[in-house]
Every structure is written in structure tokens, then in C-alpha cells.
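**Q** My questions will all concern the structure given below.
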2 protein chains.
Amino acid sequence: MTRKHNFSAGPAALPEAVLDVAQKELMDWQGNGLSIMEMSHRSKEFIAVAETAEQDLRDLLSIPDNYKVIFLQGGATAQFGLIPLNLLGDKTKADYINTGVWSKKAIKEAQKFCDVNVVASSEADNFTTLPAQADLKLDPEAAYVHYTPNETIGGLEFDYIPETGDVPLVADFSSNILSRPLDVSKFGMIYAGAQKNIGPAGLVVVIIREDLLGQCTDSAPTMCNYTVHAEADSMLNTPPTFGWYLAGLVFKWLKEQGGLDAISALNQRKAAKLYDYIDNSGFYSNPVAKNGRSWMNVPFTLADDSLDKVFLAGAEDAGLLNLKGHRSVGGMRASIYNAVPESSVDALIAYMKRFAAEHTA
Amino acid sequence: MTRKHNFSAGPAALPEAVLDVAQKELMDWQGNGLSIMEMSHRSKEFIAVAETAEQDLRDLLSIPDNYKVIFLQGGATAQFGLIPLNLLGDKTKADYINTGVWSKKAIKEAQKFCDVNVVASSEADNFTTLPAQADLKLDPEAAYVHYTPNETIGGLEFDYIPETGDVPLVADFSSNILSRPLDVSKFGMIYAGAQKNIGPAGLVVVIIREDLLGQCTDSAPTMCNYTVHAEADSMLNTPPTFGWYLAGLVFKWLKEQGGLDAISALNQRKAAKLYDYIDNSGFYSNPVAKNGRSWMNVPFTLADDSLDKVFLAGAEDAGLLNLKGHRSVGGMRASIYNAVPESSVDALIAYMKRFAAEHTA
């Protein structure tokens with residue numbers, strides 16, 4: 001077995017130590033004589049797995065007691081519709097910040113259910129800059145303010161948490177949850193698809209302040225109602241048990257790494273060395289304003305885009321996988337989530353240096 | 001490693017041969033240097049896995065070309081709401097057959113969206129009998145007719161497909177899909193949560209006749225719209241990739257077993273020997289009318305229910321797991337899905353014989 005360097009944007013690399021545990025106990029979970037996948041979600045064994053996962057997540061993010069943690073299916077994309085259904089209450093409008101492809105998808109879906117006010121947008125800059133707090137034209141009558149702290153495709157990450165007064169702040173943390181410490185109390189709701197920093201695809205985590213529950217519109221299917229899921233401890237129906245179990249292993253691994261302070265320092269170092277090399281290479285470039293550069297997703301282009309295919313083929317030969325940029329922006333993208341070790345970033349930089357030297361006159 | 005006999009109702013036993021493959025390639029899928037879980041759903045490798053899984057399912061069930069197969073999240077329970085949202089069109093009522101706990105849940109959710117006519121019910125018999133075709137008070141103006149071919153909790157399985165004329169028939173096959181051949185062309189839509197006969201929890205398969213698409217109400221979230229999922233080949237957003245992959249391994253395994261004719265013969269034999277033993281034991285009993293007895297879920301009671309706990313503890317000592325009946329009906333239940341080998345049924349009967357002998361005066 002040769003594990004390669006995996007820069008996939010998602011589903012993304014998982015910690016090798018987590019996969020190792022999952023593999024060892026796949027046929028026989030902890031001596032119980034069956035796989036964790038073959039176990040009732042209502043068995044005391046699985047409930048313990050589920051509760052431990054939630055508690056570890058609460059510990060990692062210091063989630064206050066007045067927040068519910070819900071493990072759901074459907075991904076972050078499903079939440080784009082569920083958020084207005086659950087949070088509008090008797091209001092009819094919501095504020096959205098537009099900083100990229102995922103912001104736009106959230107906005108488009110919300111427009112089915114309410115008046116969306118785009119309170120700031122960096123679209124004119126091709127999503128390479130962050131709107132400043134002073135530029136947010138917030139409406140105090142909005143039901144909530146939605147933003148995307150990290151845009152996976154553009155590689156644009158907020159370096160601040162928007163201040164929204166009494167209006168609840170809702171954030172799609174799919175691609176940067178657990179990458180650094182976070183003050184959850186600043187948010188009304190946080191959500192994150194699992195397949196970047198949490199676990200395998202098919203699971204989404206919703207962290208919601210209790211006073212925002214109880215408002216879901218009657219016209220929504222029951223499965224779209226956060227309140228019902230919260231009351232049923234995420235077991236209204238059969239949850240994605242294997243994903244929940246793997247998420248629990250990831251949370252445990254994160255604690256073993258020293259928690260979010262330690263992983264944050266590592267992530268910052270990984271990103272800094274990659275951006276530094278790109279900026280100084282004279283061959284590669286990243287278009288994002290320095291204060292908005294993502295620690296998780298690093299897009300870059302080559303000086304000569306006719307070399308893109310050669311670069312990708314050489315990378316694959318060197319064991320560096322999934323570096324092709326999203327079809328909407330082109331170029332390259334290295335996603336360096338928590339599970340991507342610093343040695344992978346070092347290997348990438350070494351390859352980039354060799355490639356640049358070979359292709360510079 | 002000692003694998004035990006697993007009679008769980010769901011999440012349920014998976015074929016050991018499937019788990020064995022999944023375990024071997026968990027860290028390094030087919031020499032690619034990464035787990036199938038760590039791979040983009042849009043990679044050519046994963047798309048091949050996904051397409052092969054769909055084709056194998058089509059082969060197994062001989063699904064006609066005018067049916068779409070969709071792999072979704074949310075489980076069968078989510079479909080209880082999505083079915084009326086997608087299939088009512090400009091109609092306002094739907095027919096439902098009530099044969100147990102799962103029928104009732106489907107009815108309750110549908111009542112949020114339309115007038116539900118319960119066209120037959122065996123509730124007065126405590127769900128131990130099947131309504132006959134002649135007893136179905138069908139409404140030709142209904143948007144569709146919904147039923148539950150196999151009730152997982154009551155162990156009641158239809159021995160016929162209801163004839164509904166021009167009204168589309170919709171069926172929740174969660175607990176008996178792929179257990180025997182099926183004439184898909186008799187149905188407007190079939191759906192099944194994966195966690196019994198398909199794969200791990202967190203995946204649901206929808207098989208829908210193409211002419212029923214295009215009717216979803218605008219008020220539904222996009223993720224609730226079957227048409228959008230069908231048009232996106234189930235990749236509107238990140239699908240539950242690991243579950244889809246495992247489902248594909250299960251379909252491949254079923255083909256290797258000889259397909260549905262072979263598995264059907266085996267399932268019939270497994271069920272027959274267990275019911276025969278129960279009926280002739282003078283100690284255990286099953287309340288279901290003979291024509292409605294499920295091949296998949298066999299509930300049974302002991303002559304003296306004060307022995308239930310002793311029975312279950314002894315079963316566990318004998319390596320026979322998850323035999324406790326559902327809390328709503330009590331007693332015992334042996335779920336003997338495709339992946340439960342005949343040797344497990346034999347081991348169960350042997351234990352039941354020993355236990356009966358020990359506890360008969």
C-alpha cells in the first residue's frame with residue numbers, strides 16, 4: 001500500500017490514523033462480532049459512539065450549552081433551503097454576503113423563500129477580496145445574516161466574524177470548520193458538510209442556538225425541520241451511522257493533536273509556506289488579497305496556462321493528486337485541510353520548484 | 001475476529017464478502033493511493049463506481065429504460081414528504097394502504113400536503129393480515145397509491161402487487177427490495193432506504209418512471225425535487241460516496257450469488273424453515289396470517305413472556321445478536337435479509353430448540 005498526497009477539495013483526505021482504526025475494526029467493531037455499519041442506531045453501543053462524537057465536537061469548539069448539535073443528511077446544499085424555512089419565522093427577508101460560488105448558491109436557493117438582500121459582494125473583484133465590516137449594508141429587520149466564511153473554490157476566507165447586532169449570524173463553515181478556534185457564541189447557526197474537515201460525505205453538522213428553534217414553517221417536510229431533529233437527538237430516522245462514527249474518530253484524533261489551537265498553528269504554517277513560495281516564485285500566482293487568503297484552499301495559476309496539463313501529469317507521477325482547479329476558475333487548487341500533513345505541502349512545494357525550474361528559460 | 005449472527009432489523013448485516021473487500025481497500029482503493037472516501041465524486045474513478053452500481057441494480061431488477069434511478073440522502077422517511085411534493089401535480093388527494101407502523105408514518109407525513117384516503121387497513125387485526133385486492137377502495141382521481149410491501153416491524157409482507165389501473169403505484173421497498181424478482185413496470189415509483197438489503201445507512205434509492213418527473217411543487221426546497229436530482233445524475237451536490245460504493249459491492253455480490261432468482265429461493269427456504277419450526281414448536285408463535293408472512297422479518301413470541309430476558313441473554317451468549325422485537329410490539333424479531341446466511345438461521349433454530357426444551361416442563 002502506498003498512500004499518496006491528496007489535495008482534493010472534497011470529499012477530501014481523512015487522517016491516516018483514523019482510516020487505520022476504521023479499517024482494523026471494519027468487520028468486527030471492538031470485539032462485538034459485527035461491523036459498526038451493521039449495528040442498530042438505537043443500540044446502546046451506537047448511541048455511546050454518537051454521544052461521544054457530539055461531546056468531543058462540543059469540547060473542540062467550546063460550544064455553549066444553549067446550542068444544539070444536530071447530525072443530518074443532505075449536505076450543506078440542503079441547508080441552503082432549510083435555513084429560510086427554519087429561520088424566517090414571521091419575517092420575509094434575509095441578508096446575504098456574496099463572496100463566491102457557494103455564497104451565490106445559498107442566495108439563489110434562499111430567493112425561493114424570501115427577499116434576499118445582498119448586503120455586500122466581491123463579485124466585481126472576481127471574488128478575490130473580502131468586504132469589510134463597514135461595507136456591510138445590514139438591515140436590522142432581516143431574519144438573519146448569512147455568509148460563507150471560506151469559499152472552497154475561490155480560496156477566499158474571512159479574517160473576521162461579521163458583527164450583526166441582534167440579527168442572528170448564519171455561516172456555512174463546510175470547508176473551514178475545526179481548522180482554528182471559533183467563538184460559537186457569535187453565531188445563530190453554523191453548518192458544515194462533513195466531507196472536508198469532519199468525515200466522509202453524506203453527513204452535515206448543524207450547530208444552532210436554541211432560541212432559533214421552533215420557527216419552522218408548517219409547509220416544510222418534517223425532515224426539513226431542525227426542531228424535530230434536535231428533539232429526537234438526530235435520530236428521528238436512521239442517521240448515517242458510519243459517517244457519524246468516522247466523524248467521532250476524527251474529533252478524537254483532533255483532540256489527540258492538541259485540539260484547535262495546535263491544528264490552527266499547523267494550518268497557518270502550512271498555508272503560509274505555500275503562499276510564500278507562490279508569491280516569490282515568479283512562476284506561480286494567487287490572485288486573492290492577502291487578508292482574504294484561505295488556509296484551506298489555495299488556488300494558483302501558472303505563468304503560462306498552456307503548461308497546466310503537463311504540470312498536472314507530472315504532479316500525478318510525483319504522487320500529488322487532485323490539484324486541478326475547479327472548472328469555473330481553472331488553474332490549480334491545493335486543498336490543505338486538517339488531514340493533509342505538512343509533509344504533503346512540502347512535497348508539493350518541492351515539485352512546484354522543480355517544475356518551475358524546468359520550465360523557466 | 002469472530003463474526004456473530006446478526007439479526008438486526010436495520011442497519012442490518014452486510015455480506016461478509018463485501019465487508020472483506022471494503023476493508024482490504026479502505027486505505028488504498030484499487031492502487032490509487034487513497035481511500036474511496038477521500039475521492040472527489042466528480043473524479044472519473046468515482047463516476048465509474050457510481051455508474052457501475054446503477055447498471056448492476058438495473059440488471060438485477062430488470063429496470064425498464066423509462067425509469068430513472070436516483071441515489072439520495074435522507075432515508076425512506078424523507079421520501080414520505082417528498083412523494084406528495086413531487087407526485088401530486090395538480091391533484092389534491094392520494095390513496096394509502098395501511099398495513100403497519102411504516103405505512104402509518106407515510107400517511108401522517110402525506111397528510112401535511114394532501115387529502116389522504118386510507119383505502120384499506122389491517123389495523124383492526126393488529127396488522128397481522130393483508131388487505132385483499134378486492135378490499136382496496138381505490139379512487140381513480142388519486143394522484144397515486146402508496147403502500148408498504150413489507151412492514152419491518154410487524155413482519156407483514158404483500159404476496160401480490162396491488163392493481164391500481166392508471167393511477168401510479170408508489171411503494172416503500174426499504175426492507176424487501178432485492179429479496180426476490182420484481183416487475184418494476186407495475187410501479188410508478190419504488191424507493192428503499194439502503195440499510196437493510198442495499199448497504200449502509202445514509203443512502204436511499206429512488207426508482208421513478210420518467211413521466212412522473214417534472215411535477216414537483218415550486219414551494220419545495222431544490223434538494224426535495226426528484227427531477228433536479230435525476231437531471232444531475234444524483235450529483236446535484238456531493239452524494240454519500242462511501243455508501244454508494246458499498247451498495248455497488250452489494251449489487252455485484254448479488255449477481256455473483258446468481259441474481260434475484262437464486263437469492264429468492266434461498267430467502268424462501270430460510271423463512272420457511274424458521275416459520276415451520278415456530279409453528280410446530282408448541283413454544284413459540286408468530287401471529288401473522290400465512291399469506292402475509294414476511295421473508296425478511298420474522299417476529300415471534302415465547303409462550304411465557306417472562307422468559308424473554310433469559311431468551312435474549314442466552315441468545316447473545318450463543319452469538320445470536322439483535323433478536324429483541326421492536327418496542328412497539330415486544331417479543332422477538334429475527335430479520336433475515338439477503339446478507340444473513342442460512343447457517344445463521346440454522347443456528348437460531350438450534351438455539352430456539354435448546355431453549356424450548358430447557359423451559360418446557
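The values are calculated or read from the model by the stated rules, or taken from the named source; none is laboratory data. Treat the numbers as computed from the prediction; the structure is a model and nothing was measured. Neighbour counts are summed over all protein chains in view; Cβ atoms, including those assigned to glycine, are modelled from backbone coordinates with ideal geometry. Ligands, DNA and RNA are stripped out before the accessible areas are found, and what is left, the full protein with its side chains, is counted by its heavy atoms. Shrake-Rupley method; radii C 1.70, N 1.55, O 1.52, S 1.80 Å.
**Q** With N set to the residue count of chain A, report its C-alpha Rg divided by 2.2 N^0.38 Å to two decimal places.
**A** For chain A, the normalised Cα radius of gyration is 1.01.
**Q** So, one more: Taking GluC sites (Glu not before Pro) as candidate sites, keep only those in a DSSP loop with at most 15 other Cβ atoms within 10 Å, then name the longest stretch of chain A containing none of them.
**A** Between exposed loop sites, the widest span is A:164-361.
**Q** What do you reckon, how do B:312, B:254 stack up by accessible area (1.4 Å probe), largest on top?
**A** So the residues, ranked largest to smallest area, are B:312, B:254.
**Q** First measure r as the distance between the Cβ atoms of residue B:24 and residue B:219, then evaluate 1/(1 + (r/R0)^6) with R0 = 56 Å and state the FRET efficiency to the nearest 0.05.
**A** My answer for the efficiency is 0.75.
**Q** Relative to the other copies, what are the label-point distances for residue A:328, with labels 7 Å from Cα along the C-beta vector, expressed in nm at one decimal and sorted shortest first?
**A** Between copies, matching label points for residue A:328 lie 4.3 nm apart.
**Q** OK, next. Spelling out what I want: for every residue of segment A:204-211, take phi, set θ = phi - 60°, compute 6.51 cos²θ - 1.76 cosθ + 1.60 (Karplus), and round to whole Hz; glycine and proline get x.
**A** 9, 9, 10, 10, 9, 5, 4, 5
**Q** Return the long-range amide H neighbours of residue B:98 (sequence gap of 5 or more, or a different chain), with a cut-off of under 5 Å between placed amide H atoms.
**A** B:119, B:120, B:121, B:122
**Q** Between the label point of residue B:290 and that of the same position in each other copy, find the distances and list them shortest first in nm, with every label point placed 7 Å from Cα along the Cα-to-C-beta direction.
**A** Spelled out, the distances from residue B:290's label point are 8.5 nm.
**Q** Please tell me the relative contact order of chain B in percent, rounded to the nearest whole number, where contacts are Cα pairs under 8 Å and at least six residues apart.
**A** 24 percent
**Q** Then there's this: Could you work out how much longer the chain between residue B:210 and residue B:291 gets when fully extended? Use 0.36 nm per residue separation minus the Cα distance between them, nm to one decimal.
**A** Full-extension gain reported as 25.9 nm.
**Q** Another question, if that's okay. Could you sort B:90, B:276, B:56 by accessible area so the largest value comes first, with the probe set to 1.4 Å?
**A** Working: B:90 150, B:276 90, B:56 20 Å².
Listed by decreasing accessible area, they come as B:90, B:276, B:56.
**Q** Could you pull the Cα extents of the protein assembly as shown along its three principal axes, largest to smallest, in whole Å?
**A** For the protein assembly as shown, the Cα extents along the three principal axes come out at 88, 54, 50 Å.
**Q** For segment A:252-291, what is the convex hull volume of its Cα atoms per residue in Å³?
**A** That works out to 80 Å³ per residue.
**Q** Moving on. From the P(r) of segment B:142-258, can you give the percent of Cα pairs sitting at distances over 25 Å?
**A** Pairs farther apart than 25 Å: 29 percent.
**Q** Also: In nm, to one decimal, how far is the residue B:354 label point from the residue B:126 one, both placed 7 Å along Cα→Cβ?
**A** The answer from the label model is 3.0 nm.
**Q** Tell me the Kirkwood radius of segment A:233-361: reciprocal of the mean inverse pair distance over distinct alpha-carbon atoms, in Å.
**A** One decimal place: 16.5 Å for the Kirkwood radius.
**Q** Also, I was wondering about something else. I'd like to verify something in chain A: which complete DSSP H helices, judged by Cα projection on the helix axis, reach 20 Å or more and average at least -0.5 on the Kyte-Doolittle scale?
**A** Span-like helices in chain A: A:44-61, A:241-256, A:259-281, A:342-358.
**Q** Right, something else. Round to a whole number: what % of the accessible area of the protein assembly as shown belongs to carbon and sulfur, probe 1.4 Å?
**A** C and S fraction of accessible area: 48 percent.
**Q** Separate question: Need one value: the accessible area of residue A:275 in square angstrom, 1.4 angstrom probe, rounded to the nearest 10.
**A** Rounded to the nearest 10, the figure is 20 Å².
**Q** Given a Förster distance of 30 Å, report the FRET efficiency between residue B:2 and residue B:268 from their Cβ-Cβ distance, rounded to the nearest 0.05.
**A** After rounding to 0.05, the efficiency reads 0.55.
**Q** May I pose another question? Give me a single rounded figure for A:14-24: the average over its residues of other chain Cβ atoms within 10 Å of their Cβ.
**A** 3
**Q** If you don't mind, there's one more thing I want to ask. To the nearest 10 Å², what's residue A:218's accessible area with a 1.4 Å probe?
**A** Near enough 130 Å² of accessible area.
**Q** Run the reach check for residue A:353 against aspartates and glutamates, Cα to Cα strictly under 17 Å, same-chain hits fewer than 8 apart removed. What comes back?
**A** Partners found: A:276, A:279, A:304, A:305, A:308, A:316, A:317, A:342.
**Q** For segment B:1-57, what percent of Cα pairs sit more than 15 Å apart?
**A** Cα-Cα pairs of segment B:1-57 separated by over 15 Å account for 63 percent.
**Q** Between copies, how far does the label point of residue B:219 sit from its twins, in nm, shortest first, when each point is 7 Å from Cα along Cα→Cβ?
**A** 0.4
**Q** Rounded to the nearest 10 Å², what accessible area does residue B:217 show when all protein chains are kept and the probe is 1.4 Å?
**A** Using a 1.4 Å probe on the heavy atoms, I get roughly 50 Å².
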